[in-house]
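One structure is given here, and the rest of the page talks about it.
The values are calculated or read from the model by the stated rules, or taken from the named source; none is laboratory data. It should be emphasised that the depicted structure is a prediction, and the values quoted were computed from it without experimental measurement. Cβ placement follows ideal geometry from the backbone for every residue including glycine, while neighbour counts extend to all protein chains displayed.
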Amino acid sequence: MNREFWDRLTTALKPAANNPSFTGEFPKQAAVMVLITDEISPKIIYTLRAKHLNQHAGEVCFPGGKWEVQDTSLLNTALRETHEEIGLAPALVDVLGALPARATKSGAMVQPFVGKIPPDCRFQLNHHELEVLFSVPLAAFQQGIQVRTDIFERNGQRFRMPAYVYENYEIWGFTAGVTADLLKVVSGA
């Protein structure tokens, strides 16, 4: 994509605030990095969590994880966890901004950040946490890889969430919701 696209995308995102905590009913806090490759046909980076994990085992997700005391901000959490999980140095991530925070089914409030990365990045997966890293072209979403709409309930409220399938990877739940938020911003950019 051209520079104008990236500038419009950055403008459409909310600033990457450095607030390390959420107020209210969510004592668990986390952050993820939604990584987009900087190339003519940009791709979104996803990971598949290892099947032996206690939470979200075998699910597609973005790199990221829980806020820890040493993290100065949720952005720092996202960058630290991204480095730990896929070996991507924080210096290689051009942080463009943030998407709206979302709650997970496990009761955590998660702040997604969006970052642009060079297309030739080399990744070093932490195989204790992840099985595989894969990418989905932004164009694939525009061509229609949504396979259904899931309905989730939380505190008496119903939420509709898209579910996508790309090359046998199912993107659903929290990750699909964040992806949908990104796609709305991208379509406006």
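Below are the figures for this structure:
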| item | result |
| --- | --- |
| Qualifying residue in segment 100-109 (condition: in contact with a helix residue (DSSP H, G or I) (Cβ under 9 Å, 6 or more places away or on another chain), at pLDDT 95 or above and either assigned to a strand (DSSP E or B) or among the charged types (D, E, K, R) (or both)) | no |
| Members of segment 130-149 that are touching a residue at least 60 places away in the same chain (Cβ under 8 Å) and among the hydroxyl-bearing types (S, T, Y) | S135 |
| Pairs where the first residue, in segment 1-12, is in contact (Cβ under 8 Å) with a residue 40 or more places away in the chain and under 16 Å from I40 (Cβ atoms) and the second is surrounded by fewer than 12 Cβ atoms within 10 Å (Cβ to Cβ) and among the β-branched types (V, I, T), C-beta under 9 Å, 6+ apart | M1/I40 |
| Unmet requirement for A16, which otherwise passes all of (1) at pLDDT 90 or above; (2) surrounded by 17 or more Cβ atoms within 10 Å (Cβ to Cβ); (3) over 13 Å from the mean Cα position of the chain (by Cα) | (1) |
| Cβ-Cβ under 7 Å pairs, at least 6 apart or on other chains, segment 104-129 side over 17 Å from V60 (Cα atoms), far side assigned to a loop (DSSP other than H, G, I, E, B) and charged (D, E, K, R) | K116/D38; I117/D38; P118/D38; P119/D38; P119/E39 |
| Residue, farthest from the chain's Cα centre (by Cα), within segment 53-65, restricted to residues that are at pLDDT 75 or above and not in a strand (DSSP E or B) | E59 |
| Hits in segment 40-52 (condition: under 22 Å from F5 (Cβ atoms) and either modelled with pLDDT of 95 or more or touching a Lys or Arg at 6+ places or on another chain (Cβ under 7 Å) (or both)) | P42, K43, I44, I45, Y46 |
| Qualifying residue in segment 138-160 (condition: in contact with an Asp or Glu (Cβ under 7 Å, 6 or more places away or on another chain) and under 26 Å from A50 (Cβ atoms)) | no |
| Segment 164-176, subset over 21 Å from A31 (Cα atoms) and not charged (D, E, K, R), residue surrounded by the fewest Cβ atoms within 10 Å (Cβ to Cβ) | N168 |
| Residue that is surrounded by the most Cβ atoms within 10 Å (Cβ to Cβ) [pool: residues in segment 134-144 that are among the aliphatic types (A, V, I, L, M) and over 15 Å from the mean Cα position of the chain (by Cα)] | A140 |
| Matching residues in segment 167-189 - criterion: being in a strand (DSSP E or B) and out of contact with any Pro (no Cβ under 9 Å at 6 or more places or on another chain) | Y169, E170 |
| Count of segment 79-97 residues which are touching a His at 6+ places or on another chain (Cβ under 7 Å) and surrounded by 24 or more Cβ atoms within 10 Å (Cβ to Cβ) | 0 |
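Residue by residue, here is whether (1) surrounded by 12 or more Cβ atoms within 10 Å (Cβ to Cβ); (2) touching a strand residue (DSSP E or B) at 6+ places or on another chain (Cβ under 8 Å); (3) not aromatic (F, W, Y) holds:
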position	(1), (2), (3)
C61	yes, yes, yes
T77	yes, yes, yes
L99	yes, yes, yes
T104	yes, yes, yes
H127	no, no, yes
V132	yes, yes, yes
Q146	yes, yes, yes
T149	no, yes, yes
F152	yes, yes, no
